[in-house]
Amino acid sequence: MALLEIKNLSRSFGGLQAVSDISFSLVEGMIKAVIGPNGAGKTTLFNLICGNIPLSAGTIRFQGQHIERLKSHQIAALGMSRTFQNIKIFPGMTALENVMVGCHTRSRAGFIAAMLRLPQTFREEREIRRRSLELLELVEIPQTADCEAASLSFGQQRAVELARALAAGPSLLLLDEPAAGLNIYETAELARLITKIKELGVTILLVEHDMSLVMDISDEIVVLDFGRKLAEDIPARIQQNRAVIQVYLGDDEDA
Ligand SMILES: Nc1ncnc2c1ncn2[C@@H]1O[C@H](COP(=O)(O)OP(=O)(O)O)[C@@H](O)[C@H]1O
Ligand SMILES: [Mg+2]
C-alpha cells in the first residue's frame, strides 16, 4: 500500500508555478529521494505535504486519508515528521532537551505544562527523558546529551534534529537536504543513520543535493525541474536518463 499518495499537486506563487501537476506515491518502508536543480520546487513540495503552506490544486493522501486540507500539527499528529533545509534546533538548550521538545509534541501533558513543571507532569517528564536518551543512542551521540546544542558539530546537530524528528514516533520522515553543510565523513555517517532509521520501519522522503548520498541510499528517485516531474525511477536508471543528466547536472554541478 502507498503510505503517501500525491496526485496532480500544484502550487503557484503569483504567476510562478513552483510545483506543477506532480503525482507520485511512496510505498511503505522505502527511501524515496526528490532531486532537481535549485528552484525546482523541492522545498515547496515538502511544505505542501507537511501542510505548512496551502496547495493550489491536487490531492495528498497519507495512510489512505486525505490530508490536503489539514493543518500542519494535525498532519504531524497522524505520524509525519520533518527536518528543515537549515538546521532548526534550539542552540541554548542541551542536545537532550532538544530531543525532549520533540517528545512533548505528542505527550499528554504537553509542552507548556512541562515547562511550567506542573506536578502531574513529573512522571511523564522522567519517561520522556529516558526516551530522549534512547533516541540520542539511536543516532549514536549519547555522549552529547548534556552539551549545549550550539557547541556541537554540524553532523551532531543534524543527528539531534533526526532524533527530535523521530521522537514523535513518525511512520513517515521528510528530510530536506540533510547533508547540507556536512563534510564527507559526516555525510557517510548520515547515510548510515538514515538507512538505520529505514530499517526500523520508518518510511523516508528525502530532498538532497549530494548525489552520492542519494544514489547510495534511495530505493527510488523523483526528479523535478521547474516545478514539473521530469523522471521517476530507480537510481541506476536515473543515472542513465539523458534528460536528467542534461537538466540536473547541467546547472547544478557545483551545488
Ligand atoms: N514563499 C514563496 N514566495 C514566492 N516564491 C517562492 C516562495 N517559495 C518558493 N518560491 C519560488 O518557488 C520556486 C521553487 O522554490 P523551492 O521550492 O524553494 O525550490 P528548491 O527547494 O527545489 O530549491 C523558486 O522559484 C522559488 O523562488
Ligand atoms: Mg530547497
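Values in this text are rule-based calculations from the coordinates and carry no lab data. Remember, predicted model here, so these are calculated numbers, not experimental data. Cβ sites come from the backbone with ideal geometry, for glycine too, and all protein chains shown count toward neighbours.
What angle do you read, to the nearest 10 degrees and between 0 and 90, between the alpha-carbon axis of helix 95-104 and the longest principal axis of the chain?
The answer is roughly 80 degrees.
If I fit a long axis through the Cα atoms of helix 154-167 and take the longest principal axis of the Cα atoms of the chain, what angle between them do I get, 0 to 90°, rounded to 10?
Taking Cα atoms only, the helix is inclined about 80 degrees.
Which one of 13, 155, 33 has its Cα pushed farthest toward the positive end of the charge dipole of the chain, where Lys and Arg give +1 and Asp and Glu give -1 at the Cβ?
Value: 13.
Which ³J(HN,Hα) values, rounded to whole Hz and listed in residue order, are derived for region 176-187 from phi using the Karplus coefficients 6.51, -1.76 and 1.60 in 6.51 cos²θ - 1.76 cosθ + 1.60 with θ = phi - 60°, glycine and proline given as x?
Karplus values, whole Hz, x for Gly and Pro: 9, 6, x, 8, 4, x, 8, 7, 5, 6, 5, 5.
Would you work out the relative contact order for region 148-255, in percent, from Cα pairs under 8 angstrom that are 6 or more residues apart? Let's see the in-between values first.
On the way: 95 pairs, mean separation 21.1, N = 108.
So the answer I get is 20 percent.
Using amide H atoms built 1.01 Å from N in the peptide plane, name the residues 5+ places from residue 206, or on other chains, whose amide H lies under 5 Å from its own.
So residue 206 has HN proximity to 32, 33, 34, 175.
Here is the link list: 42/71; 7/229; 7/42; 88/229. Which ones come out longer than 22 Å on Cα distance?
Details: 42/71 20 Å; 7/229 12 Å; 7/42 16 Å; 88/229 29 Å.
As for pairs spanning more than 22 Å Cα to Cα, those are 88/229.
Relative contact order of the chain, please, whole-number percent, based on alpha carbon pairs below 8 angstrom and at least 6 residues apart.
About 27 percent, as a whole number.
222 nm [θ] for the chain, helices only, -39500 (n - 2.57) per DSSP H run of 4+, per residue, to 500? Don't jump to the answer; show the numbers that get you there.
On the way: 9 runs with 91 residues, N = 255.
One gets -10500 deg cm²/dmol as the mean residue ellipticity at 222 nm.
Between helix 122-138 and the chain, what is the angle of the helix's C-alpha long axis to the longest principal axis, kept within 0 to 90° and rounded to the nearest 10?
50
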